[in-house]
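Heads up: the structure comes next, in structure tokens.
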Amino acid sequence: MRYLLLPLFAALAFSCCGHEPAEQSVRLGAGGGAMASQDRGDVVTQATKPVQPVGDLEPSSDKDTPAQTAKVNNPKQKRAMSYNKLSEAEAFVIQQKGTEGRGVGEYTDHKADGFYICRQCNAELYRSKDKFQSSCGWPSFDDEIDGAVERNEDSSHGMVRIEIVCTNCKGHLGHVFHGEQMTEKNTRHCVNSISMKFVPAGVTAPPMLIVKQP
Ligand SMILES: [Zn+2]
């Protein structure tokens, strides 16, 4: 891929993830390779509110289209009028493409067996078996659940990176990097903890919310 040729990888080796609008970076925290190093650490935030119970759902239908993605433990989808209600901090990252502070995310060093779903729409994104310790300060995975993640070119902050978003709801997850030789798959999905919710093995996840776009 052409991304492999980018000279910026050395500098980005331990970087992540998204954009941080200046007007919000002080309150919501800094972090991320795109930011000046002095901006790191004076953070702050992460989701403090639990995800609200899903509301405004229409009755589920047996006629719902089967998932296009490989599902781990959540074969059901549910049509809904809206996605899960997000806290301000969650919306900053997921909807405004912000970046959670380095090392503050609840899943950075999380090792339990299970899988990670999208905090906004419940789509299954990553398996714990694909999570690895990168020491970059954000949860790292070297593979995603098939079809769960979309990639977009991100040329913000004077560099070209590959943004990753949830395929179902387009919520911002982070960035994906290649060529760092951290795992055999040579891939690092650098994901904001606040974009995900962990579901332990054996626990049934809430249905993936399908919101019809206007
Ligand atoms: Zn989603």
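Computed from backbone phi with θ = phi - 60° and the Karplus coefficients 6.51, -1.76 and 1.60, the 3J(HN,Hα) list for segment 131-140 is 7, 9, 8, 9, 6, 8, x, 9, x, 10 Hz; x is used for glycine and proline. Remark: segment 71-150 carries a charge dipole of roughly 360 debye about the Cα centre, counting +1 on each Lys and Arg Cβ and -1 on each Asp and Glu Cβ.
Report, as a whole number in µm² per second, the diffusion coefficient that Stokes-Einstein gives for segment 129-214 at 25 °C and 0.890 mPa s using the Kirkwood radius over alpha carbon pairs.
Working: Rh = 14.3 Å.
Rounded to a whole number, D works out at 172 µm²/s.
Taking only the alpha carbons of segment 99-168, we obtain Rg and Dmax values of 12.7, 38 Å in that order.
Sequence-ordered 3J(HN,Hα) estimates for segment 142-149 from the Karplus curve with 6.51, -1.76 and 1.60 and θ = phi - 60° stand at 9, 7, 10, 5, 3, x, 7, 10 Hz, glycine and proline given as x. Sorted largest first, the principal axis extents computed over the alpha-carbon atoms of segment 69-214 equal 40, 35, 26 Å.
How much net charge surrounds Phe132 when only other residues with a Cβ under 15 Å from its Cβ are counted (Lys, Arg +1; Asp, Glu -1)?
Working: positive: Lys111, Arg127, Lys129, Lys131, Lys185, Arg188; negative: Asp109, Asp113, Asp130, Asp142, Asp143, Glu144, Glu180, Glu184.
Taking every Cβ under 15 Å from that of Phe132, the sum is -2.
Residues in segment 88-104 carry Karplus couplings, in order, of 4, 5, 5, 5, 4, 7, 6, 9, 9, 6, x, 10, 5, x, 5, x, 9 Hz; the curve used is 6.51 cos²θ - 1.76 cosθ + 1.60 with θ = phi - 60°, and Gly or Pro positions show x.
Quickly rank 161-169, 141-149 as a protection proxy: mean count of other C-beta atoms within 10 Å, highest first. Don't jump to the answer; show the numbers that get you there.
Values: 161-169: 22.1, 141-149: 20.1.
For the peptides 161-169, 141-149, the packing ranking is 161-169, 141-149.
Readers should treat all values here as calculations from the given coordinates under stated rules, not as data from a laboratory. All values reported here derive from a predicted model rather than from experimental measurement. Because the Cβ atoms are built from the backbone with ideal geometry, glycine has one as well, and the counts that use them run over all protein chains shown.
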